[in-house]
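Since the structure comes first, as structure tokens, the remarks are kept for the end.
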Amino acid sequence: MHSFHYQNGTLYCEGVDLEALADEHGTPLYVYSAATILDHYRRLSGAMSELDCLVCYATKANSNLAVLNLLAKEGAGFDIVSGGELFRVEKAGGDPGKCTFAGVGKTRAEIEAGLKKGIYSFNAESEAEVAFINGVAGQLGLVAPVALRVNPNVDAKTHKYISTGKSENKFGIDFAVIREAYARAATLPNVKLRGLQMHIGSQLTSVSPFVEAVEKVLPLVEELKSLYGIEFFSIGGGIGIVYQDSLASGGSDWWIDKDEKPLTIEEYAGRLVPLLQPLGLRIVLEPGRFMVGNAGVLLTEVLYEKRGTAKTFKIVDAAMNDLIRPALYEGHHEVAPLKEPVPGETEVVDIVGPVCESGDFFAQNREIPAVKTGDRLALLSAGAYGFVMASNYNSRPLPAEILVSGDRAMVVRKRQTFEDLIEGEDVPED
Ligand code: LLP
């Protein structure tokens, strides 16, 4: 579900008119729907309810405190990848006891923080890391809860930059040597083997790679349970979303190409729950994109139009520094004008930002409804890996973030000012 729809001729997020919001707060502007995030969390937990399931939201997808707080109040856990994310989760009221700490390069400071806060598990990605965690825990007189991340060598069939479960990826410990790694970890005095983790990639649009990976790893999980008494099996995140056709149905999105097939939660749970249930273990999920992707849009205004011999460019005030997915992964984001378009009036255009790079585009050769200078557009499905990957490149202040709930719109992060841009910088005296 998502809560973006046309009403009275303009695009709304839940009960809030996005034109009015852009008038008040300016553009570029990130807007998130609380109802959508909650719906996704509840649907996923509901679908897994036959299992002892802990949903650890992948904080990296959108770590705004207000988003984390929504999920913390629902009882979600959090999958974190840095000391900074642990700090955010705590500030947002999240329970460190429900946090899994992932990532290939945890530092001493991060491990110490995780241990002192009592996180649920370190998901360790190499034997060197397990040994290091053991040492740090020993120095603090603590025992570290650890799961090893297995790399099952399964093709997730997704973009190469977000595929993580093949042997050539840097993630996890090879399936071929994981048993030995457990055996050695079991001898470490300051490590308690709590689980097994895997994550094969992100934006998976078919359930088969998940099924393949789970089926491959199940005998290993059974073995580890009986040998070391592990308590949980994390199957990671990765549930893909639909980037095309991202407006609520109702005919308003007539220009959108509806080729993409969604991976539904019903299909995901329907295939995986029966495989996982017999294990009798806690199942951990680490969804990021599924929870917040379609819950967010990036609003931008058309600044100029440039008609070249080869192309028509619509130059907008958002840029790759605000939303880098098209530049980095050729990510597709639907473009919806805030004013409801007139059926039939379309144009094939490139939508580009002001940054001095040819990679600074949001759409290329795309048929969109006709728009002119001063019109505003929503870049859809920008709730995951949008603001969190934004930068100050070209000295552009970060956009504001708004959380909508019903007919309330709350500024959950102020737009940066020029002063914010130089915060902490100094010119040395001569
Ligand atoms: N667990 C682990 C260990 C991960 O590395 C990730 C994502 C997740 C869970 C959550 O995956 P999700 O459910 O969101 O697919 N910036 C890229 C995506 C990078 C994903 C990194 N890891 C993008 O914009 O597509």
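The values are calculated or read from the model by the stated rules, or taken from the named source; none is laboratory data. Keep in mind that this is a model prediction, so the values were computed, not measured. Note that we place each Cβ from the backbone using ideal geometry, even for glycine, and neighbour counts take in every protein chain shown. Just so you know, the surface numbers come from the protein's heavy atoms only, side chains and all, with ligands and any DNA or RNA stripped out. Shrake-Rupley method; radii C 1.70, N 1.55, O 1.52, S 1.80 Å.
Being within 15 Å of the ligand (Cβ to nearest atom) and more than 17 Å from the chain's Cα centre (by Cα) holds for only one residue in 106, 91, and it is 106. Meeting the requirement of 1 or more residues that are within 16 Å of the ligand (Cβ to nearest atom) and farther than 25 Å from residue 387 by Cα, the strands (runs of 3 or more DSSP E) wholly within the range 262-316 are 282-285. Of the residues making up the range 379-430, those that are assigned to a loop (DSSP other than H, G, I, E, B) and within 16 Å of the ligand (Cβ to nearest atom) are 380, 381, 382, 383, 384, 385, 386, 390, 391. List the pairs whose first member sits in the range 73-91 and is under 17 Å from residue 147 (Cβ atoms), whose second member is part of a helix (DSSP H, G or I) and among the β-branched types (Val, Ile, Thr), and whose Cβ atoms are under 7 Å apart, counting only residues at least 6 apart or on separate chains? Partner pairs satisfying both residue conditions: 78/59; 78/89; 79/59; 80/59; 80/89. Regarding the range 144-155, can at least one residue be identified that is at pLDDT 95 or above, surrounded by fewer than 24 Cβ atoms within 10 Å (Cβ to Cβ) and part of a loop (DSSP other than H, G, I, E, B)? No; the residues of the range 144-155 include none that is at pLDDT 95 or above, surrounded by fewer than 24 Cβ atoms within 10 Å (Cβ to Cβ) and part of a loop (DSSP other than H, G, I, E, B). Taken over the range 169-211, residues that are in a helix (DSSP H, G or I) and either open to solvent by less than 20 Å² (accessible area, probe 1.4 Å) or in contact (Cβ under 8 Å) with a residue 60 or more places away in the chain (or both) amount to 7. Kindly establish whether residue 166 is within 16 Å of the ligand (Cβ to nearest atom), closer than 19 Å to residue 286 by Cβ, free of Cβ contacts under 8 Å to residues at least 60 places away in the same chain and open to solvent by 50 Å² or more (accessible area, probe 1.4 Å). Yes.
Scanning the range 181-232 for residues that are closer than 19 Å to residue 111 by Cβ, small (Gly, Ala, Ser) and within 16 Å of the ligand (Cβ to nearest atom) yields one hit, 195. Restricting to the range 28-45, and then to whatever is crowded, with 24+ Cβ neighbours inside 10 Å and in contact with a Ser or Thr (Cβ under 6 Å, 6 or more places away or on another chain), can you tell me which residue is nearest to residue 412 (Cα to Cα)? Top of the filtered list is 33. With the structure loaded, tell me whether residue 135 is at pLDDT 95 or above, over 20 Å from residue 170 (Cα atoms) and not in a helix (DSSP H, G or I) or whether it fails that test. No, not satisfied.
Summed over the range 362-378, residues that are more than 18 Å from residue 9 (Cα to Cα) and either part of a strand (DSSP E or B) or open to solvent by less than 40 Å² (accessible area, probe 1.4 Å) (or both) total 6. Taking the criterion of being assigned to a helix (DSSP H, G or I) and either touching a His at 6+ places or on another chain (Cβ under 6 Å) or surrounded by 20 or more Cβ atoms within 10 Å (Cβ to Cβ) (or both), the residues of the range 1-21 that qualify are 18, 21. With respect to residue 267, determine if the residue is among the acidic types (Asp, Glu) and assigned by TED's automatic domain parsing to the domain that holds residue 337. No; evaluated as a whole, the condition is false for this residue. Residue selection: residue 303 fails the criterion of being open to solvent by less than 10 Å² (accessible area, probe 1.4 Å) and in contact (Cβ under 8 Å) with a residue 60 or more places away in the chain.
Can you name the residue in the range 212-247 that is open to solvent by less than 20 Å² (accessible area, probe 1.4 Å) and part of a helix (DSSP H, G or I) and, of all such residues, is nearest to residue 325 (Cα to Cα)? That would be 213.
For first residues located in the range 41-59 and in contact (Cβ under 8 Å) with a residue 60 or more places away in the chain and of a type in the set (S, T, N, Q), partners that are within 11 Å of the ligand (Cβ to nearest atom) and assigned to a helix (DSSP H, G or I) and lie 6+ apart or on another chain with Cβ distances below 9 Å form the pairs 59/388.
The rows are residues; the columns are (1) open to solvent by 20 Å² or more (accessible area, probe 1.4 Å); (2) of a type outside the set (Gly, Ala, Ser); (3) at pLDDT 95 or above.
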| site | (1), (2), (3) |
| --- | --- |
| 288 | no, no, yes |
| 294 | yes, yes, yes |
| 298 | no, yes, yes |
| 320 | yes, yes, yes |
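Tell me whether the range 400-408 contains one or more residues that are open to solvent by less than 40 Å² (accessible area, probe 1.4 Å) and among the polar types (S, T, N, Q). Among the residues of the range 400-408, not one is open to solvent by less than 40 Å² (accessible area, probe 1.4 Å) and among the polar types (S, T, N, Q), which makes the answer no. Across the range 325-360, the qualifying residues are those that are within 16 Å of the ligand (Cβ to nearest atom) and of a type in the set (A, V, I, L, M, F, W, C), and the one among them that is most open to solvent (accessible area, probe 1.4 Å) is 328. Of all residues in the range 112-125, those being closer than 23 Å to residue 233 by Cα and surrounded by fewer than 23 Cβ atoms within 10 Å (Cβ to Cβ) number 4.
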